[in-house]
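As structure tokens, the structure follows; a few thoughts come after it.
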Amino acid sequence: MADVSQTFDPQSRRVAVRPTVAGLRAVRSGDPWLFDGSIASADPTDLPAGSIAVIFDDRRVVGVGLWDPESPIRVKMLHSGGALAIEPRVWADRLTAALARRHGLVDDSSTTAWRWIHGENDDLPGLVLDRYEDTLVIKLYSGAWYPHLGDVIAAAQEVLPSQRILLRCARRVSPPAGAPGDGDLLVGSQFEGTLTYLERGLTMSADVRRGNKTGAFLDQRDNRMLVAAACHGARVLDVFTATGGFALAAAAGGARSVHLVDISQPAIDVAKANIEQNRNIAAVRRCEIIARQGDAFDVMESLAASGEQFDVVIIDPPSFAQNEKSIPKALSSYRRLARAGLRLTVDGGLLVQASCSSRVTIDDLGREMRIASREVGRPFTELRRTGHPIDHPIGFSRGSYLKALYAAVAASV
């Protein structure tokens, strides 16, 4: 087991925080983020990440969180409405509550990978826990969790024991000296980092040590099921294929062929491998797989220019809007994708356009698709809008990021 001992005792180091009027309003409303600009004063300010931040108004304690001096979200709020002792029992209680919210998925033997803790939305801001079979992957989005990592692991093992636990860290999180870092094994025996799991009976592989996120894109599970139901006999285009989740679902749903597009050849290789390990399924075995490596925008526009069309087109890009300034460019990108997607979908075919940009709403996405529709003369009927699955709950107003719009494309006008 890796050494996850605390570099200091966070209970002995407390920061007294007095928020501004706007900050106090946010704390009282249950907002999990207290930004640096919403803090009127803090004393002392030189304590390390993970120290306990106690939030005061003029008379009393109004909340408690974790101090994060390296982040503009200066306090990750754990509790509002008074005082709370931040002790190991808190982690166990919240892990238990999160597990109960997911009981229908956790008890489904056909799906063995799911998100246990979804950060702020499960009252543990900056912390993600994903479980693959009997392997738990902890991802830190804040260094404030390092002093509490040992207690979190102990709580997780108490609530639902895992044979193996790994650590992943967001790019902006740097481990303290001597502490485990991204990809390190915390509990269990060594392994290469790639493991298999089931998603609604389909076998998938995830590189939990080096892959994107914690190894797989678990949040699109429900959308993959919906796509599979529409793919019998279809020619399918899967753009931004990543690990091939949509491609495999389409093949298992009876697609005649699936065309993979991704800028990353290693991603295409992973997608192909995920499909190949399901060739024991007759529908997957019959499906023709065609892959094209390249920039998705360029590939789609090239295919459209050559007159190619598909019965089902799936567009699931990475987040385009990393900050407020990037929103206009992101919207332009979604519109460009929609233009190409509409041109590439046969009359009466299905276009699925997704977004994982929290700053872009489903209404924004729909508006850009409608503008694109007018620009290329391909009308569509909106069939469905989808959001978050059960293991990626929305617990606060800014917690929503995933959305998808399903459109039946009509004949050109």
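Considering the conditions (1) modelled with pLDDT of 95 or more; (2) over 30 Å from Leu198 (Cβ atoms); (3) small (Gly, Ala, Ser); (4) in contact with a Lys or Arg (Cβ under 8 Å, 6 or more places away or on another chain), Gly81 is excluded by exactly one of them, (1).
The residues listed here are Leu226, Leu186; of these, the one that is within 23 Å of Ala156 (Cβ to Cβ), surrounded by fewer than 24 Cβ atoms within 10 Å (Cβ to Cβ) and aliphatic (A, V, I, L, M) is Leu186. Of all the listed residues (Arg370, Arg339, Arg378), the sole one being in contact (Cβ under 8 Å) with a residue 24 or more places away in the chain and in a helix (DSSP H, G or I) is Arg339.
Okay, residues lined up against (1) closer than 19 Å to Ala53 by Cα; (2) touching a residue at least 12 places away in the same chain (Cβ under 8 Å); (3) within 16 Å of the chain's Cα centre (by Cα):
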| site | (1), (2), (3) |
| --- | --- |
| Gly126 | yes, yes, yes |
| Arg131 | no, yes, yes |
| Val137 | no, yes, yes |
| Leu140 | yes, yes, yes |
| Ala154 | no, yes, no |
| Val159 | no, yes, no |
| Ser162 | no, yes, no |
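Beta carbons closer than 6 Å, at least 6 apart along the sequence or on distinct chains, pair a first residue in region 387-405 that is farther than 28 Å from Gly349 by Cα and acidic (Asp, Glu) with a second that is at pLDDT 95 or above and assigned to a loop (DSSP other than H, G, I, E, B) for Asp391/Arg102.
Could we say that Leu350 is among the aliphatic types (A, V, I, L, M) and in contact with a Ser or Thr (Cβ under 7 Å, 6 or more places away or on another chain) here? If you could, list the steps in order and put the result at the bottom.
Working: among the aliphatic types (A, V, I, L, M): yes; in contact with a Ser or Thr (Cβ under 7 Å, 6 or more places away or on another chain): no.
Considered against the rule, which asks whether it is among the aliphatic types (A, V, I, L, M) and in contact with a Ser or Thr (Cβ under 7 Å, 6 or more places away or on another chain), Leu350 comes out as no.
For residues that are of a type in the set (Ser, Thr, Tyr) and in a loop (DSSP other than H, G, I, E, B), scanning just region 188-231, find the one that is farthest from His392 (Cα to Cα). Can you show your working first?
Let us first name the residues in region 188-231 that are of a type in the set (Ser, Thr, Tyr), namely 189, 194, 196-197, 203, 205, 214.
Next, only the ones that are in a loop (DSSP other than H, G, I, E, B) stay: 189, 214.
Values: Ser189: 29, Thr214: 14 Å.
By that ranking, first place goes to Ser189.
Residues in region 256-289 that are in a strand (DSSP E or B), buried (at least 22 other Cβ atoms within 10 Å of the Cβ) and among the β-branched types (Val, Ile, Thr): Val258, Val261. Restricting Arg89, Arg18, Arg74 to those that are surrounded by fewer than 15 Cβ atoms within 10 Å (Cβ to Cβ), more than 30 Å from Met204 (Cα to Cα) and not β-branched (Val, Ile, Thr) reduces the list to Arg89.
Residues in region 166-181 that are over 17 Å from Gly215 (Cβ atoms), of a type outside the set (A, V, I, L, M) and surrounded by fewer than 16 Cβ atoms within 10 Å (Cβ to Cβ): Arg172, Ser174, Gly178. Annotation for region 35-49: at least one member residue is buried (at least 17 other Cβ atoms within 10 Å of the Cβ) and in a helix (DSSP H, G or I). Number of residues in region 356-376 that are modelled with pLDDT of 95 or more and of a type in the set (Gly, Ala, Ser) equals 3. State which residue is nearest to the chain's Cα centre (by Cα) when the search covers only region 290-330 and only residues that are assigned to a strand (DSSP E or B) and aliphatic (A, V, I, L, M). Within region 290-330, the match that is nearest to the chain's Cα centre (by Cα) is Ile315. If you go through region 299-356 and keep only what is of a type in the set (Asp, Glu) and surrounded by 15 or more Cβ atoms within 10 Å (Cβ to Cβ), you end up with Glu301, Asp311, Asp316. Please indicate, with yes or no, whether at least one residue in region 100-111 is touching a Lys or Arg at 6+ places or on another chain (Cβ under 9 Å), in a strand (DSSP E or B) and not aliphatic (A, V, I, L, M). No: region 100-111 contains no residue that is touching a Lys or Arg at 6+ places or on another chain (Cβ under 9 Å), in a strand (DSSP E or B) and not aliphatic (A, V, I, L, M).
Residues that are farther than 19 Å from Leu198 by Cβ and either surrounded by fewer than 23 Cβ atoms within 10 Å (Cβ to Cβ) or not hydrophobic (A, V, I, L, M, F, W, C) (or both) within region 245-255 comprise just one, Gly254. The residues of region 384-413 that are loosely packed, with under 14 Cβ neighbours inside 10 Å and either aromatic (Phe, Trp, Tyr) or over 30 Å from Tyr132 (Cα atoms) (or both), listed by number, are Ala411, Ser412, Val413.
The values are calculated or read from the model by the stated rules, or taken from the named source; none is laboratory data. As the structure is a prediction and not an experimental result, all values here were calculated from the model. Positions of Cβ are backbone-derived with ideal geometry, glycine not excepted, and every protein chain shown enters the neighbour counts.
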